[in-house]
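The next block holds one structure in the form of structure tokens; read it before the comments.
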Amino acid sequence: MTGYFFARKKWKINKIIFAAFLASMVAPFQVYMIPLVKIYAGQLGFSNNLMMVAYIAVGLNLPFAVFLYKGFAEGIPEELDEAAKIDGCSFTRTFFSIIMPLLKPIIITVTVFVAMGVWNDFLMSSLFLTKQETKTLAIAIKTFLTNHTAEYAPMMAGLLLSILPVLAFYLFGQKYIIEGVVAGSVKG
């Protein structure tokens, strides 16, 4: 909804906020991982908390998602909004009744890109999740590698398990992903 709002409302403050979203995408995670660990795991005591890792993942992926949604929403004709307004729809009702169904390709595209990144994330998970019961699949796979040996059979089984959910979701939404990437990259 934020991307749609940025695409439709051409206010000066929206341009500044969107520029801040874009600026936050410039720095890689490695730049601010130490302050995140100090604040969340050290000062606030949220180490080994899966909800905290999910919270940080949402914050890190939000600018990318808003950027893609805005690009896609700019390709949707504004005449649809005007027609809905004439029919008495509010901005919110217009979004949920008319625009949201048109966003299906970009919703699936963003979901696959973000899900792949979060699912395969090793660095953030290894920084915040140190207890055995909170480790993610990516961290658990690394336990099969030691300094002197490598257990390839269980490691390959773990890698296969880590690939299957994302691959299944990608194959399910492949048509929409390609449509979403193409439509969001070209301004109509």
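The values are calculated or read from the model by the stated rules, or taken from the named source; none is laboratory data. Just so it is clear, the model here is predicted, and its values are computed rather than measured. Because the Cβ atoms are built from the backbone with ideal geometry, glycine has one as well, and the counts that use them run over all protein chains shown. Protein only, heavy atoms only, side chains kept; ligands, DNA and RNA dropped before computing areas. Shrake-Rupley method; radii C 1.70, N 1.55, O 1.52, S 1.80 Å.
For Phe46, the residues 5 or more places off, or on other chains, whose built amide H falls under 5 Å of its own are Ala41. A 1.4 Å probe run over the protein chains yields, for the range 33-188, 63 Å² of accessible area per residue, whole-number rounding. Each residue of the range 12-21 was assigned a 3J(HN,Hα) from its phi angle through the Karplus expression (A = 6.51, B = -1.76, C = 1.60, θ = phi - 60°), giving 5, 5, 5, 5, 5, 5, 5, 4, 5, 4 Hz with x at Gly and Pro.
Note on the range 1-90: semi-axes of the ellipsoid equivalent to its C-alpha gyration tensor, largest first and rounded to whole Å, are 35, 15, 10. Compactness check for the chain: Cα Rg over 2.2 N^0.38 Å is 1.26. What is the distance in Å between the Cα centres of the range 72-113 and the range 160-174? Distance between centres, Cα-based: 28 Å. Each residue, Thr134 and Glu78, gets one label point 7 Å from its Cα in the Cβ direction; the gap between the two is 4.8 nm. Of the accessible area of the chain, computed with a 1.4 Å probe over protein heavy atoms only, carbon and sulfur atoms account for 69 percent. What residue among Tyr170, Tyr69, Tyr152 shows peak mean-square fluctuation when the chain is described by a Gaussian network model with Cα springs under 10 Å? Highest fluctuation of the listed residues: Tyr152. With a cut-off of 8 Å between alpha carbons and a minimum separation of six or more residues, what is the relative contact order of the range 50-148 in percent? With pairs under 8 Å counted, the relative contact order is 31 percent. Mind checking which lysines have their Cα closer than 26 Å to the Cα of Lys12? Skip sequence neighbours fewer than 8 apart in that chain. Partners found: Lys70, Lys85, Lys187. Expressed as a whole percent, how much of the Cα-Cα distance distribution for the range 13-55 exceeds 11 Å? Distances greater than 11 Å cover 71 percent of the Cα pairs.
Placing dummy labels 7 Å off each Cα toward the beta-carbon, the span from Met25 to Cys89 is 2.7 nm.
Above 21 Å, the calculated P(r) of the range 101-186 contains 45 percent of its Cα-Cα pairs.
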